[in-house]
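The structure appears right after this line, and notes come after that.
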Amino acid sequence: MTRQHLESVLAGLGPVAVAVSGGVDSLTLATLAHRLAPGAALMVHAVSPAVPAEATARVRAEAAREGWDLRVIEAGEFADPAYRANPVNRCFFCKTNLYGAVRRVTDRQILSGANCDDLGEYRPGLDAAREHGVRHPYVEAGFNKAAVRALARDLGLGAVAELPAAPCLSSRVETGIAIEPETLGFIHAVERLVGGALDAESGAKRAVRCRVRAEGVVVELDPGSLAALDAADREKLGAGIRDIAPARLAGPVRFAPYRVGSAFLVETREARV
């Protein structure tokens, strides 16, 4: 699990296309691939309602700073009824559309930023990657998330190295509830609203997730942030959230402790519109 090992893996791949989401994993991989072989690395970023505008802006900024060959494409997953239905393996359909879109713009070896920590979770997107011949250099070199962050610091990527985990916005929607662009826009707006309202200490990490569930809207917060909200704060934030909620999501807003992947249900529900 060394940088030299990772560089050796990348060197053996020839011309590559890195799927860059805007998170620490893919941004770090793209930076290293470019610095090793600038003419042989294409970076591809897919935009969709599930990708926050901040992620796209971050990719564009890093591309300008590093001098990447960047291609921005449409992911296309919202044209896929299987993805929109939000089944338990939704990520398979997401990644199938993503890698298909990448393949349409390049014949280079596609790379993902998956790391070894991802192998311990249910990741149907990895099945889609396998079907499209996608390589995972971090996995091949034995890198976990901590090693990726250390590499990002070593590469001088500054704030990128400390980016919190940020799964796509669709991951906030409970399994079986249909994925709608309007819903994802609302989720993103809620997370920005609540995150901006939290008076966290400088440098402190906080988790803010807006979950859309069958029971309604639930805002999950890390323990410190949740404890800092008194009844008046919750009412004020709840009112602000209700003001921007689509009609079908109108109703009480509940606050709860943050749980990783809590919108994911193994037992699927019938898709709701």
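Give me the percent of accessible area attributable to carbon and sulfur for region 78-147, probe 1.4 angstrom.
C and S atoms contribute 52 percent here.
With N set to the residue count of the chain, report its C-alpha Rg divided by 2.2 N^0.38 Å to two decimal places.
So the Cα radius of gyration is 1.03 times the expected 2.2 N^0.38 Å.
Sort largest first and round to whole Å: the equivalent ellipsoid semi-axes of region 108-261, each the square root of five times a Cα gyration tensor eigenvalue.
In descending order, the three semi-axes are 32, 21, 12 Å.
Rounded to two decimals, what is the ratio between the C-alpha radius of gyration of region 178-255 and 2.2 N^0.38 Å?
That ratio works out to 1.07.
Long-range amide H contacts for Gly22: which residues qualify at under 5 Å (H placed 1.01 Å from N, peptide plane, sequence gap of 5 or more or a different chain)?
Counting only residues 5 or more places away or on other chains, the set is Leu27.
Which value, in debye to the nearest 20, gives the size of the charge dipole of the chain about its Cα centre, when Lys and Arg are +1 and Asp and Glu are -1 at the Cβ?
Its charge dipole is roughly 200 debye.
State the answer as a single residue: which of Ala250, Val105, Tyr122 lies farthest towards the positive end of the charge dipole of the chain, with beta carbon charges of +1 for Lys and Arg and -1 for Asp and Glu, about the Cα centre.
So the residue we want is Val105.
Please calculate how many Å² of accessible area the chain carries per residue, with a 1.4 Å probe and no DNA, RNA or ligand atoms counted.
47 Å²
How big is Rg to Rh over region 1-159, alpha-carbon atoms, Rh as the Kirkwood inverse-mean-distance radius?
0.94
Mind running the shape call on region 138-227? Use the C-alpha gyration tensor, a ≥ b ≥ c as the square roots of the eigenvalues: rounded below 1.5 for a/c, prolate if a/b tops b/c, oblate otherwise.
In terms of gyration-tensor shape, oblate.
Compute the Cα gyration tensor for region 221-263, then decide on rounded, prolate or oblate, letting a ≥ b ≥ c be the square roots of its eigenvalues: rounded whenever a/c is under 1.5, prolate when a/b is larger than b/c in the other cases, and oblate in all that remain.
Oblate shape, in that a/c is at least 1.5 and b/c is the bigger or equal ratio.
The values are calculated or read from the model by the stated rules, or taken from the named source; none is laboratory data. These figures come from a predicted structure and were not determined experimentally. Here the Cβ is made from the backbone with ideal geometry for all residues, glycine too, and neighbour counts use every protein chain on show. Accessible surface areas use protein heavy atoms only, side chains included; no ligands, DNA or RNA. Shrake-Rupley method; radii C 1.70, N 1.55, O 1.52, S 1.80 Å.
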